[in-house]
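Q: Take this structure first; my questions come after.
The values are calculated or read from the model by the stated rules, or taken from the named source; none is laboratory data. Small disclaimer: the values here were computed from a predicted structure and weren't measured. Cβ placement follows ideal geometry from the backbone for every residue including glycine, while neighbour counts extend to all protein chains displayed.
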Amino acid sequence: MGFGPSFSCDISLNTRLTAEQREKYQNTKKIREALGTAKTIAVVGLSTETTKASNMVASYLRDEGFRVIPVNPRVTEIFGETCYPDLKSIPEPIDIVDIFRPTWEVAAIVDEAIAIGAKAVWMQLRIIDMASADKAIDAGLTAVVDKCMKMEHGRFGGALHWAGMNTEVITAQRRKFR
């Protein structure tokens, strides 16, 4: 069996989004561009617990060279970095706002992301708010919905294959984002 025109891969990872929504909110080109140009990522809902997904993703992003700014009103410091209660309190520009909060909190977070001039909002796996994503897009931001930033960065950076995942990237070279 060859890999001709009929061969295709689908790593939708059990997303609840339709094909049309995946094209709009999980667009590969937009994801690669956002990750390739970002330097500073605010992680809203970053936990101090090392076993929580938000902490693992933020740790990974730090290891990959991103500046990660913690946003959590219940603590003052994570990873030795000042932890801010909200996006408005951050005194520097933010490229991506990575959201680890319940869906019902997303609208207010997106409003803040727009207000501070962020370039993108990223709703982690199972966080789906299409109205807020559309509001972000209408304001000129990139919006990613129901995707893990760590997995996407690893997929395009050529690292996830070590974990046994099909990255849909066929290459022997690791991609350089910077």
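Q: Quick one: which helices (runs of 4 or more DSSP H) lie wholly within the stretch 37-142 and hold at least 3 residues that are surrounded by fewer than 19 Cβ atoms within 10 Å (Cβ to Cβ) and aliphatic (A, V, I, L, M)? Lay out the reasoning, then the answer.
A: On the way: elements: 53-63, 103-116, 130-138.
Per the criteria, 103-116, 130-138.
Q: Can I ask one more? Go through the residues of the stretch 77-86 one by one and say whether even a single one is in contact with a Lys or Arg (Cβ under 6 Å, 6 or more places away or on another chain) and at pLDDT 95 or above.
A: No - not one qualifying residue is present in the stretch 77-86.
Q: Out of the residues in the stretch 143-158 that are of a type outside the set (K, R) and in a loop (DSSP other than H, G, I, E, B), state the one that is surrounded by the most Cβ atoms within 10 Å (Cβ to Cβ).
A: It comes out as V145.
Q: Can you confirm whether V44 is among the hydrophobic types (A, V, I, L, M, F, W, C), closer than 22 Å to V106 by Cα, out of contact with any Lys or Arg (no Cβ under 7 Å at 6 or more places or on another chain) and modelled with pLDDT of 95 or more? Can you show your working first?
A: Values: among the hydrophobic types (A, V, I, L, M, F, W, C): yes; closer than 22 Å to V106 by Cα: yes; out of contact with any Lys or Arg (no Cβ under 7 Å at 6 or more places or on another chain): no; modelled with pLDDT of 95 or more: yes.
Against the criterion (among the hydrophobic types (A, V, I, L, M, F, W, C), closer than 22 Å to V106 by Cα, out of contact with any Lys or Arg (no Cβ under 7 Å at 6 or more places or on another chain) and modelled with pLDDT of 95 or more), V44 does not qualify.
Q: Suppose we keep only residues that are surrounded by 15 or more Cβ atoms within 10 Å (Cβ to Cβ) and among the aliphatic types (A, V, I, L, M) within the stretch 16-31. Which one would you say is modelled with the highest pLDDT?
A: This residue is I31.
Q: So, one more: Do we have G117 as more than 13 Å from the chain's Cα centre (by Cα) and more than 24 Å from N55 (Cα to Cα) here?
A: yes
Q: What pairs can you find where one residue is in the stretch 72-96 and more than 17 Å from E49 (Cα to Cα), the other is of a type in the set (F, W, Y) and in a strand (DSSP E or B), and their Cβ atoms are less than 8 Å apart, with a gap of 6+ or different chains?
A: Hits for this filter: I90/Y84; I96/W122.
Q: Let me ask something additional. Might you let me know whether the stretch 152-160 holds any residue that is within 19 Å of R16 (Cα to Cα) and at pLDDT 95 or above? Full working, then the answer.
A: First pass over the stretch 152-160, keeping only residues within 19 Å of R16 (Cα to Cα): 152.
Next cut, at pLDDT 95 or above only: none.
Looking for residues that are within 19 Å of R16 (Cα to Cα) and at pLDDT 95 or above, one finds none in the stretch 152-160, hence no.
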